[in-house]
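The numbers here are math on the coordinates, done by the rules we state, and not lab data. Not measured: the values here are computed from a predicted model. Note that we place each Cβ from the backbone using ideal geometry, even for glycine, and neighbour counts take in every protein chain shown.
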Amino acid sequence: MNLQVLESQFWSLCLQGIALGFIYVLISLGYTMVYGVLRLINFANSEVFMIGTFATVVAQVGILQNQTDSQSLHGFRLIYTLVFALLFSMLICGFLGILVELVAYRRLRALGAKPLGFLISAIATSIVLLETTRIVTFSRPQTSPRLLDKWSFGEFAGANFRIDTVMVIVSGVVIFVVLDRFVTKTRLGKAIRAVSMSEENSKLMGINLNRVVSLTFFIGGLTTGAAAFFYTTVYETTQFNVGFNLGLAAFTTAVLGGIGNLRGAFYGGMFLGVLEQFSSAILGSQWKSVTVFTVLVLVLLLKPNGIFGEAVQQTRT
Amino acid sequence: MINIRDKSASIWESWSPPARSGFVLIVITLVALLPYAGSFGPTSFLDTPISSYQAVLVYPIALFVLMGLGLNIVVGKSGLLDLGYVAFFAIGAYTMGIMGTMTSLNTWQILPFGIFFAMLSGLLLGLPALRLRGDYLAIITLGFGEIIRIVALNLSVTGGPNGIVGVPTPPAILGQKFELDDHAGYFWVILILILLVIWMIRRFTIRRPGRAWEAIRQDEDVAALMGVNLLVYKLWSFTIGAAVGGAGGVIYASKTMFIAPDMFTFNTSILILACIVFGGLGNIWGVILGASILAYLPERIRFISNARQLVFGLVLLVIMNVRPDGLLPRKKREKIRQKEAV
C-alpha cells in the first residue's frame, strides 16, 4: 500500500488514466457496436487490434521508410506520417473486421447457430490471426520508430501534459464524437440502430441486413485500428500477444458502461483507465487486474446492466 | 446431414436391458485397455512426435474429457457461459501442490480437499455472479480465472512464477503403482472419475436438478415463472462443475509432480470450452468425442511444430462453419419440438 501517491501524483495519474481510457474506449467500440447489432461477443477484436499495431509499424517503417534510429520528424512530414499511419491502421483493421465477419459469422448466421457456436468460431479466427502473426514475426517484439519528439506542453497541477497524451485525448474525443453523430444522425447509423432493435422488423423495412452487419464490423475495426495506432505511438513497441490484455480491458470497459451502449463505453473507459492507474500506483501493478475485476463484480452487483445501462432502444425482450 | 446421435439412440432403444448392460461392459473394458492400443505394430502411428501415445492418452486426452464433462454440466446442461473454468482446475492443482508438499497426506486423502476447495470457490463466485445475465457471467468468470492465476503468481505459498516442485505421486492402490513413466494407472484413475461423472450427469438429468437446468437453459424467465429457484439450481450446476474441475486438478498436479501459474491460462479455459462446443454441446458422447479430437490433434501434428496452433485454429474454424452445432449435436427431437412450439 502506498497512499502517498494519492497526494503527490493525483492529477498526473488522472491524466494518464484518461489517456489510457481513450485507448480502451476506442477498442471497446469494436465489441460494443457488434454486440449492439448481433448480440454476440466479437472475440476476434483483440487480435484485430494486434494486427493494427503491426500495421502502424509497417506504415511507418515499411512504407514511409522511417528508420528506428532516425531523428524524430518535424513539420509537414511529421503530420503527414502520423495521419498516414493512422489511416492505414484504421483501414487495415476495418477491412479485417469485415473479413472476420465473413469468415466467422456470415455462414453461421445463415445456418442459425447458437451464440456459443459464434463464440468458438470467433475464437478460432483469433487463434488463426494470432498464430499467423507469431510465425511471421518470429515471436519477436517490434519496435516502432520514435517519430514524435515527446515534448511537453508544461505541467499543470503536477500533471505532465505531454504531446502524445494530449494527442490521444484530443483525437479520441474527435473520433468518438464523429462516431456518435454518425450513429445518431445519418441514414446508415439509423439502419444500424434499427437492426439492433429488431432484426426481423428492420428486414421488413428494406434494410440490407448483411450490409449493415458488415458496416458495423467495419466501423468497429476502424476505431480499433485508431486505438492500435495510438497505442503504438505512445508505447513504441508491440508484440504478437499484445491483444489479449488490452482486449480484456476493452471488453471490461464495454461491460462497465453497459454493453451495446456507445456513450456508456466512453464513461466505462474513463473509469477503468483512471482506476487502473490508481490501483497500480497504490497496490502495485501486479494487482491491477485483480482490483479491476473486483470493482467490475461490485458494479455489476449494484447495477446489473452496467453503470449507464444498456441503451434504451436496445433493452432485450 | 445424417444425425448420428439420433440413429444410435434409436438403435440403443431397440435393445433389451441385458444387451445394453453387456454392451456398456464391453465398451468400458475396451476403453480401459486403450493404454495398450499403442503397443501393437500397426497402431504405432498413434504415437505423437514428442511424447508416447500412453502419455498423451492421460494428459491431455483423458483429463480433457473429464474437464469437458465437468464444464458441460455448467455450459451444456444449464446454459451458463463459464470462460474461467481453468480456475477450478488450478485450485485443485494448487491444493494438491501445497498440501502434498507441506503435510503428510497422500493424493487420495487430498482429493476430497481439492474438490471441497473448488466447490467452495465456485459457491463464493457463483453467489454474486449467477444473479447476473449470461454475457456478464462470461466476463466475470473470465476475470476470476485470471485472478486465480495472478494470485498464484504473486503469493509466496504458491511459489510465485516458479510454481511448486516435487508434488508427491499417489501411493499404490490395489497393487497398482503410480510412477512417472507408468501412465496406465493414471489413465484408469481418470477413467473411473469420468465414469463417475457420466453416471452422476445421467442421474441428475432425469431428476429434479436436471429438469430445472434444462428449463433454465431453454428460458430463464419461464423457468422462474414455473417456480424453479434460479439461483439455487444455477449454484448447484456451477459448484458440481467446479468439483469436477478440482478433482481433475488434483490428479494432474499429482501426475506431473510440478505446477506453475502459466499452466492455468485463459487458453486452457477456451480449449476446454472449444472441446465441448466442437463435440456437441450438452451431449455426453459429443463432449467425449470433441475433447478426444481437440486434445489429440495438436499433439499429433507436432511435426509441423511452429504452425500446429495455426492448423488447429483453421480446423476449428472450418468445422464450426460446416457443423455449427458440433459434431454430435443434442437430440434432434428437442429441436423439432422447439420448431412446433414456434
Taking the beta-carbon count within 10 Å as an exposure proxy, list B:Leu314, B:Leu125 from fewest neighbours to most.
B:Leu314, B:Leu125
Would you mind ranking A:Ile27, B:Ile201, B:Ile140 by Cβ crowding within 10 Å, fewest neighbours first?
B:Ile201, B:Ile140, A:Ile27
Write down the radius of gyration of region A:138-294 and its Dmax, each obtained from C-alpha positions, in Å.
18.7, 57
Loop-only check: which trypsin sites (Lys or Arg not before Pro) in region B:183-259 are DSSP coil with at most 16 other Cβ within 10 angstrom?
B:Arg207
Cα gyration tensor shape for region A:1-104, rounded if a/c is under 1.5, else prolate or oblate
oblate
Between B:Trp108 and A:Glu200, Cβ-based FRET efficiency (R0 51 Å, step 0.05) works out to 0.35
Among B:Trp285, B:Trp213, what is the fewest-to-most ranking by other Cβ atoms within 10 Å?
B:Trp285, B:Trp213
Gaussian network model of chain A, Cα within-10 Å springs - most flexible of A:Leu13, A:Leu296, A:Leu111:
A:Leu111
Each residue of A:128-139 has, on average, a number of other protein chain C-beta atoms within 10 Å of its C-beta equal to 3
GNM flexibility winner over chain A from A:Ser46, A:Ser139, A:Ser28 (Cα, springs under 10 Å)
A:Ser139
Counting only residues 5 or more apart in sequence or on a different chain, those whose built amide H sits under 5 Å from that of B:Gly84 are B:Leu142
J(HN,Hα) series, region B:17-31, from Karplus relation 6.51 cos²θ - 1.76 cosθ + 1.60, nearest Hz, glycine and proline x
x, x, 4, 5, 4, x, 4, 4, 4, 4, 4, 4, 4, 4, 5
Mind jotting down the distance between the C-alpha centroids of region A:1-34 and region A:122-157, whole Å?
19
FRET E, pair A:Gln286, A:Val177, Förster distance 41 Å, beta-carbon r, rounded to 0.05
0.70
Per-residue HN-Hα couplings for region A:27-33 [Karplus 6.51, -1.76, 1.60; θ = phi - 60°; Hz; x = Gly/Pro]:
5, 5, 4, x, 7, 6, 4
Along the Cα→Cβ direction, 7 angstrom out, place labels at A:Gln239 and B:Phe258. What is the inter-label distance in nm?
2.1
Using all Cα-Cα distances in region B:55-265, what percent lands in each 5 angstrom bin from 0 up to the longest?
1, 8, 16, 19, 19, 15, 11, 7, 4, 2, 0
Charge tally for neighbours of A:Ser126 with beta carbon under 15 Å away, counting Lys, Arg as +1 and Asp, Glu as -1, is -2
Spatial separation of Cα centroids for region B:148-162 and region B:217-253, in angstrom
28
Specify which residue in the list A:Ile219, A:Thr186, A:Tyr235 is farthest towards the positive end of the charge dipole of region A:183-278, using unit charges on the beta carbon of Lys, Arg (+1) and Asp, Glu (-1), about the Cα centre.
A:Thr186
By how many nm would the segment from A:Tyr80 to A:Thr143 grow when fully extended, if each residue of separation counts as 0.36 nm and the alpha-carbon distance is taken off?
20.7 nm
Convex hull volume of the Cα atoms in the protein assembly as shown, per residue, in Å³?
177
